Amino acid sequence: MKAHPRIPSNLRAGLWALCGFTALGLFLEALHGFKADFYLSVDNETRRLLWRLAHAHGALLGLLNAGYALVARAFPELTDELAGRALLSALLLMPSGFLLGGAFARGADPGAGVALAAAGGVALFFGLARLAWKAR
């Protein structure tokens, strides 16, 4: 099924992210409910923290992308393709970094994938700074 060309990619990605990260939240709740040791054990506190961060950041960045798309439609002068791509990059990189960092955590040390979260933070800052500059 082909995406509708009039629906902005940030809105599409934001809505799918909300769907996906809601599912991740339900999965994390299920791990709590079933007392999954690989998630709840004191030895896995880093994994638990990083996966919660992935869930929270993914949901918030999904909302941010959807909100950006709707604001850009209402105020076309705020449309900025580079900022939109930066926000999409942040949506991909930051939660992925937290998920990978938690998946490959050893003790208190996150996996190397957590570096993607930092790259996502830079993309987020860049995109928001461009939008703030345009709105001044």
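Is the stretch 17-32 home to any residue that is more than 29 Å from PRO110 (Cα to Cα) and of a type outside the set (Asp, Glu)? Quick ask: steps written out before the conclusion?
Filtering the stretch 17-32 for residues more than 29 Å from PRO110 (Cα to Cα) gives none.
Within the stretch 17-32, none of the residues are more than 29 Å from PRO110 (Cα to Cα) and of a type outside the set (Asp, Glu).
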Quiz item: SER9 versus (1) of a type outside the set (A, V, I, L, M); (2) in contact with a Gly (Cβ under 9 Å, 6 or more places away or on another chain); (3) buried (at least 16 other Cβ atoms within 10 Å of the Cβ): which is the lone unmet condition?
Solution: (3)
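Does the stretch 97-126 hold any residues that are in a helix (DSSP H, G or I) and either within 12 Å of LEU61 (Cα to Cα) or among the aromatic types (Phe, Trp, Tyr) (or both), and which are they?
Step one: of the stretch 97-126, the residues in a helix (DSSP H, G or I) are 97-103, 112-126.
Across the stretch 97-126, the qualifying residues are PHE98, GLY120, GLY121, ALA123, LEU124, PHE125, PHE126.
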Exercise. Go through ALA108, ALA117, ALA135, ALA103 for me and flag whichever is in contact (Cβ under 8 Å) with a residue 12 or more places away in the chain, surrounded by 17 or more Cβ atoms within 10 Å (Cβ to Cβ) and out of contact with any strand residue (DSSP E or B) (no Cβ under 6 Å at 6 or more places or on another chain).
Key: ALA117
Self-check item: Positions within the stretch 106-131 being at pLDDT below 95 and aliphatic (A, V, I, L, M), in sequence order
Solution: ALA108
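The values are calculated or read from the model by the stated rules, or taken from the named source; none is laboratory data. Quick caveat, the model's predicted, so the values are computed rather than measured. Glycine gets a Cβ as well: all are built from the backbone with ideal geometry, and neighbour counts include every protein chain shown.
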